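Right, one structure below, let's go through it.
Derivation of every value follows stated rules applied to the coordinates shown; laboratory data play no part. Just so it is clear, the structure is predicted and the values come from calculations on it, not from any experiment. A quick note on method: Cβ atoms are made from the backbone with ideal geometry, for glycine too, and the neighbour counts reach across all protein chains shown.
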Amino acid sequence: MNNIEPTNLAKIEGLLFISGDEGITLGDLSKITGFMKPAILGLLQRLKTRYENDPNSALVLLNSGDTYRLATKHELSPVIKHYFEVPLTIPLTRALLEVLAIVAYRQPITRLEIDDIRGVQSSGSLQKLMVRGLLDTHGRLDAPGRPFLYVTTDSFLDYFGLSSLKELPPLAKQEDLDLDDMNGDLFLEALQARQKQQEEEMERLQKVMAEAGVASRRASEKLIANGHVQVNGKTVTEMGIKVGDHDEVVVDGVPLHREAHVYYLLNKPRAVITSAHDDKGRRTVVDILKEEGVEERVYPVGRLDYDTTGILLLTNDGELANRLMHPKFEVEKTYIAKVRGIINNNDLKQLRIGVEVNGRLTKKAKSRLIETDHKKQTSLVKLTIHEGRYHQVKLMFDAIHHPVIKLHRETYGPLDLHGLQYGEFRELKQDEVKLLKKISK
């Protein structure tokens, strides 16, 4: 008996370990091992006595009715609690992300199903994610042992900046897969894609404070360094912290009011100022939006002259606006210009290779003659540039002695005015915003 008993004890102990917090019933132990119930009860008692009498063992054997499970000893509670209570500001490990991703895409799901996908035991990860509030149980599966079913929480959506599970990125493999064909990497890669996207959408704390009107960016840095700022209830003093829309920022006890980023596309009419305010009381592009109920504090990206019409982007996303206007990103803008005189091929060539404006040569451009009116002695020209100097298009045509009569901007980067009449505007679609961010990286 003594030669057999350790092996039998190891079998029972292994099954208890793999069953995790849900435990395993006496009946299931009997079915799996082939042992009679009285023999199993004897082995369980031996394990219980061993754990209780061994000061170097961290385990105890607990039972509720005929369900048995392993747990850590009560005196270890402080260190176990410290292990699980990790602040959300600390990044999730690969193991935690993997378990979280599997639950997100397969919920409701049991721990054994998660273990099958990962190939390793997941009890510890599930406990940690539940303590963090990212996962919860949602009843039990109607099966032997009645295992818990795990689901994601609202805190999971907040953590990844989602409004619903429908916004989760698609899995790399779209076809229906059997459980045997799945592995943790499949789910992990999809959730990491969302995590990367969210990180790209986050902004430095001092920039967020400056945009909210707390102080200048440099003054905001001093407020952070001197301990005046809390993020999600925790005082931060180091630079480089990034926050997203779902983070709570408090400055000297006052919650920071942060507007969500909005993006509008306007077909600017003539006789309107490209500005948020005008000292002379003239109508501005921002007035057009306000008149239609837009409440966010937006400002134009770049400018169009008072008498120039066409496409104009307005937003409260200062970082994107600055990138789009920066010369190094060379965002293309296409104009339709009605000019005096008859444009010839040499004129078009000069526009393409560059003309001198205020002592500097303009960069290469695209130019095409649309039509000419010999009776009125005018020409219609399409010109595409990727600079943004003051009055650049008008000055380029002045340089070839064909002054502009009317000017209309037709496109801005990947955006056009399709369906918009003068004075009309619309919100950008999500994929349009992504395109703008992509061309300005």
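Summary of values
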{"read-out": "Computed Kirkwood radius, in angstrom, where 1/r is averaged over Cα pairs of the chain", "value": "27.6 Å"}
{"read-out": "Value of relative contact order over the chain, rounded to a whole percent, pairs C-alpha under 8 Å and six or more apart", "value": "10 percent"}
{"read-out": "The range 1-80 shape via C-alpha gyration tensor axes, a/c threshold 1.5", "value": "oblate"}
{"read-out": "Computed FRET value (nearest 0.05) for residue 389 with residue 295, which takes r as the C-beta separation and R₀ as 41 Å", "value": "0.80"}
{"read-out": "Shape call, the range 9-157: gyration tensor on alpha carbons, a/c limit 1.5", "value": "oblate"}
{"read-out": "Gaussian network model of the chain, springs between alpha carbon atoms under 10 Å - residue of 292, 427, 98 with greatest fluctuation", "value": "292"}
{"read-out": "Packing rank of 399-409, 47-57, where each peptide gets the mean count of other beta carbons within 10 Å, highest leading", "value": "399-409, 47-57"}
{"read-out": "Cβ-based charge dipole, the range 215-366, positive-most Cα from 262, 243, 273", "value": "273"}
{"read-out": "Among 266, 361, 348, residue whose mean-square fluctuation peaks in a GNM of the chain (springs only between Cα atoms under 10 Å)", "value": "361"}
{"read-out": "Gyration tensor (alpha-carbon) shape descriptor, the range 210-255, a/c threshold 1.5", "value": "rounded"}
